[in-house]
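What follows is a single structure, written as C-alpha cells, with notes after it.
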Amino acid sequence: SHPVTIAIDGPAGSGKSTVSRLVAQRLDGGFLDTGAMYRAVAWACLADGVDLEDREAVAAVARDLDLDLGTEPAGAVVVVRGQDITAAIRTQEISALVSAVATNTLVRAILQERQRAIMLEAAAERGSCVAEGRDITTVVAPDADVRVLLSASEEARMRRRAAELELDDSEEARERMRDQVLRRDRDDSTVSEFLRPAEGVHPLDTTDVSIDEVVEAVLALVAQAR
Ligand code: C5P
C-alpha cells in the first residue's frame, strides 16, 4: 500500500500533540511537530540576540538553522547545533515570542518547504507520517490522505494547557497562561485561518471526548483512506 500522509491542525490545548503522537505510534509511522520548528527558530534568535522585528535576519536564522527533529513519535527530540532543546522550547518565554517568528512570511516559506520534505521522506521510509500544526491541512499538505482539524471549548483547552505546563493552582499563574494562549491564538489567526476547517478537512471537537476516542476516530479515517 502507498505511504499515507495525515495532517492534523488545531489551536493550543485542542489535544493536537497528544493525538498526533498516539496516531503515529499506532501506525508505527513517522511524526512531525511543526510548532517545534517555529519554537526552535525563536530559541535560536534569542540565543543569538537577533531582533525578532528584523524579518530578514530572522529568516536567515531559519534558513541556516542546523535543526534535527527526528520523526520518532515516542520520543521526538529537538536538537539545534548539537544541543538538546526539547525542554527549552516549551517555556512560557518561548511561547510568548514564537508568534513573532510565525507571522514572518519569509520564515513560513522556509519552514513549510522543510516540513513538506520531512513529511514525505518519513512517510516513504515508515509507511506513514502524521504532521501537526496550524497550516498543515491547508498549506503544507493540502493533498494529505487524511486531514483533520481539532477544536475544543476554551475551558477544556485552558485545563489541558495548565496540566501540560504543570502549573500550580494559583489564580495568577492560570490567568497569565490564559492571556498568553488567547493572545497567541489571535496572533496566529492572522497567519492562517486554523479555527475553521477548509474544504475536505474533517472537524473533530475534542471537548467532551476522551483522547482515545479521538485517536480511534482519526485511525478510522486513515483506514478509509488506505
Ligand atoms: O503547536 P505549538 O503551540 O508548539 O506551536 C507554537 C507556535 O508555532 C504557534 O503558536 C504558531 O505561532 C506557530 N505555528 C505555526 N504554524 C504551524 C505550527 C506552529 O505558525 N504549522
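The values are calculated or read from the model by the stated rules, or taken from the named source; none is laboratory data. A quick note: this is a predicted structure, and the numbers were derived from the prediction, not measured. Cβ atoms come from the backbone with ideal geometry, glycine included; neighbour counts cover every protein chain shown. Accessible surface areas use protein heavy atoms only, side chains included; no ligands, DNA or RNA. Shrake-Rupley method; radii C 1.70, N 1.55, O 1.52, S 1.80 Å.
In this entry, A117 passes the filter for residues that are closer than 22 Å to A62 by Cβ, open to solvent by 10 Å² or more (accessible area, probe 1.4 Å) and more than 9 Å from the ligand (Cβ to nearest atom).
Consider the stretch 113-138 and keep the residues that are assigned to a helix (DSSP H, G or I) and hydroxyl-bearing (S, T, Y). The one that is nearest to T5 (Cα to Cα) is T137.
With respect to the conditions (1) free of Cβ contacts under 8 Å to residues at least 24 places away in the same chain; (2) part of a loop (DSSP other than H, G, I, E, B); (3) farther than 20 Å from I136 by Cβ, H2 falls short on a single one, namely (3).
Within the stretch 192-215, residues that are charged (D, E, K, R) sit with their Cβ atoms under 6 Å from residues that are at pLDDT below 95 and not in a loop (DSSP other than H, G, I, E, B), at 6+ positions apart or across chains, in these pairs: D205/S151.
The residues of the stretch 139-159 that are open to solvent by less than 60 Å² (accessible area, probe 1.4 Å), under 19 Å from V214 (Cα atoms) and not in a loop (DSSP other than H, G, I, E, B), listed by number, are V146, R147, V148, L149, L150, S151, A156, R157, M158. Out of the stretch 165-187, which residues are open to solvent by less than 50 Å² (accessible area, probe 1.4 Å) and among the basic types (K, R)? Listed by number, the list holds a single entry, R184. Annotation note: Cβ proximity below 6 Å between a residue of the stretch 126-140 that is at positive phi and a residue that is crowded, with 23+ Cβ neighbours inside 10 Å and of a type in the set (G, A, S) (sequence gap 6+ or interchain) occurs for G127/G29. Exactly one residue out of A100, A40 is surrounded by fewer than 19 Cβ atoms within 10 Å (Cβ to Cβ), within 12 Å of the ligand (Cβ to nearest atom) and either of a type outside the set (D, E, K, R) or in a helix (DSSP H, G or I) (or both), and it is A100.
Kindly list, by first and then second residue, each pair from a residue in the stretch 22-43 that is within 10 Å of V130 (Cα to Cα) and small (G, A, S) to a residue that is modelled with pLDDT of 95 or more and open to solvent by 10 Å² or more (accessible area, probe 1.4 Å), limited to pairs with Cβ atoms under 8 Å and residues at least 6 apart or on different chains. Matching pairs, first to second residue: G29/R126; G29/G127; G30/E125; G30/R126. Based on this model, can you work out whether E125 counts as of a type outside the set (A, V, I, L, M) and either within 16 Å of the ligand (Cβ to nearest atom) or more than 30 Å from A59 (Cα to Cα) (or both)? Criteria not met by E125.
Of the residues T105, T18, T5, T34, the single one that is within 19 Å of L204 (Cβ to Cβ) and over 15 Å from the mean Cα position of the chain (by Cα) is T5.
Answer with yes or no whether R63 is touching a helix residue (DSSP H, G or I) at 6+ places or on another chain (Cβ under 6 Å), open to solvent by 30 Å² or more (accessible area, probe 1.4 Å) and in a strand (DSSP E or B). Spelling it out, it is not the case that R63 is touching a helix residue (DSSP H, G or I) at 6+ places or on another chain (Cβ under 6 Å), open to solvent by 30 Å² or more (accessible area, probe 1.4 Å) and in a strand (DSSP E or B). With respect to (1) more than 11 Å from the ligand (Cβ to nearest atom); (2) small (G, A, S); (3) open to solvent by 10 Å² or more (accessible area, probe 1.4 Å), the lone exception for A162 is condition (3).
So which residues in the stretch 160-192 are under 19 Å from S99 (Cβ atoms) and in a loop (DSSP other than H, G, I, E, B), if there are any at all? Correct list: L165, T190, V191, S192.
Candidates are the residues of the stretch 206-226 that are more than 16 Å from E132 (Cα to Cα) and in a loop (DSSP other than H, G, I, E, B); the one that is least open to solvent (accessible area, probe 1.4 Å) is T207.
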